[in-house]
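Peer 1: This structure is in C-alpha cells; I'll ask about it shortly.
Please treat every number below as a calculation from the coordinates, not as lab data. Note that the structure is a prediction, hence the values are computed from the model and not measured. So basically every Cβ, Gly included, is an ideal-geometry build from the backbone, and we count neighbours across all protein chains shown.
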Amino acid sequence: MTIRVLVAEDQSAVRAGLVLILRNAPDIEVVGQAADGEEALALARELRPDLVLMDVQMPRLDGVSATRVVVAEGLADVLVLTTFDLDEYVFGALRAGAAGFLLKDAEAGELLTAVRTVARGEGLIAPAVTRRLIAEFAAPTRVRPRDPAPHAALGTLTRREREVLSCLGEGLSNAEIAGRLEMAEATVKTHVSRLLGKLELRSRVQAAVLAQELGI
C-alpha cells in the first residue's frame, strides 16, 4: 500500500531534500508540499494524506499549532521534524498529539523507517529518538503542566492493558510487545487503542511518556 505524505518545511533546500528521499521510495508518494503551517493545514484538509511530515518552526502558523488542528480534525498522522535544543516545541507537539518525532539530521534510511513506522500505526520511532524523547520529558527535574485525567483513569485499565502500557514506556513496537506478552500483534493494537481511549491520550508517544513518568 502506498503511503501518501505531505511535507511541511519552511526551508526550501531542506524541503527539497526530504521530498527527494521520499520520492525514491517505491511505497511512498509525496502528495503535497507546504512552506508554512497555514499552507500545511489547508493542504491536509484538501489532500487527506496518510501522514504529514511537519517541521515545528514555520511562519504564519507554527508546526505545533498545525499539528494540534490536524490531529483534532483527524486529517492525518503527524511525524514531527525537530532538533533537541527546542524542548518546548517538542513537548508542545507531544501534547498536540504528534505520532512520532524525527531529528532533522536523520539519515535517509531513518526518515523512511520513521514514515513507515508511523504509517503502520506504531507511532513510536525506535530506538534512539523515541527513548531519548521519553527520557527527556520523563526527567523528574523538568517542570511542566500535567493533565490529571490520564492519571485518574489508570485504575480503569485491565491487567493486560497495564502490561502493554509498560511496554510502550520502554519504546517497544507492536511486534516486540506481542513477542514479550505472547499475544497476537492484532491483539496488541486493540489493547493500545483501548488504553489510549481510557487515558484520553492522542498518541502512543503520550502513553509512553506517561508510563515513564509513573514508573509503570
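Peer 1: For Cα pairs less than 8 Å apart in space and 6+ apart in sequence, what is the mean separation divided by the residue count of the range 1-49, i.e. the relative contact order in percent?
Peer 2: For the range 1-49, the relative contact order is 46 percent.
Peer 1: Using a simple spin-label model with points 7 Å from Cα along the Cα→Cβ vector, what separation in nm is obtained for residue 116 and residue 186?
Peer 2: About 2.3 nm separates the two model spin labels.
Peer 1: Going by the alpha-carbon gyration tensor, a ≥ b ≥ c the square roots of its eigenvalues, is the range 4-63 rounded (a/c under 1.5) or, if a/c is not under 1.5, prolate (a/b greater than b/c) versus oblate?
Peer 2: oblate
Peer 1: Compute the relative contact order of the range 33-99 as a whole-number percentage, counting only Cα pairs closer than 8 Å that sit 6 or more residues apart in sequence.
Peer 2: Once normalised by length, the contact order is 34 percent.
Peer 1: Please give the net charge around residue 14, taking every other residue with its beta carbon less than 9 angstrom from that of residue 14, where Lys and Arg add +1 and Asp and Glu add -1.
Peer 2: Surrounding charge for residue 14 is -1.
Peer 1: Further, regarding this structure: Of all chymotrypsin sites (Phe, Trp or Tyr not before Pro) in the range 1-102, which ones are in loop regions per DSSP and have a Cβ with at most 15 other Cβ atoms within 10 Å?
Peer 2: Of the chymotrypsin sites (Phe, Trp or Tyr not before Pro), the ones in loops of the range 1-102 whose Cβ has at most 15 other Cβ atoms within 10 Å are 84.
Peer 1: With θ set to phi - 60°, apply the Karplus curve 6.51 cos²θ - 1.76 cosθ + 1.60 along the range 98-109 and write out the HN-Hα couplings as whole Hz, x wherever there is a Gly or Pro.
Peer 2: Running phi through 6.51 cos²θ - 1.76 cosθ + 1.60 with θ = phi - 60° gives 4, 8, x, 9, 9, 5, 5, 8, 5, 6, 4, x Hz.
Peer 1: For the range 1-112, what mean projected area does the convex hull of the alpha carbons give, in nm²?
Peer 2: 6.1 nm²
Peer 1: Please list 61-67, 22-28 highest first by mean number of surrounding beta-carbon atoms within 10 Å per residue.
Peer 2: Answer by packing, highest mean first, reads 61-67, 22-28.
Peer 1: Under a 5 Å amide H to amide H cut-off, with H placed in plane at 1.01 Å, what residues pair with residue 30 once short-range neighbours are removed?
Peer 2: 5
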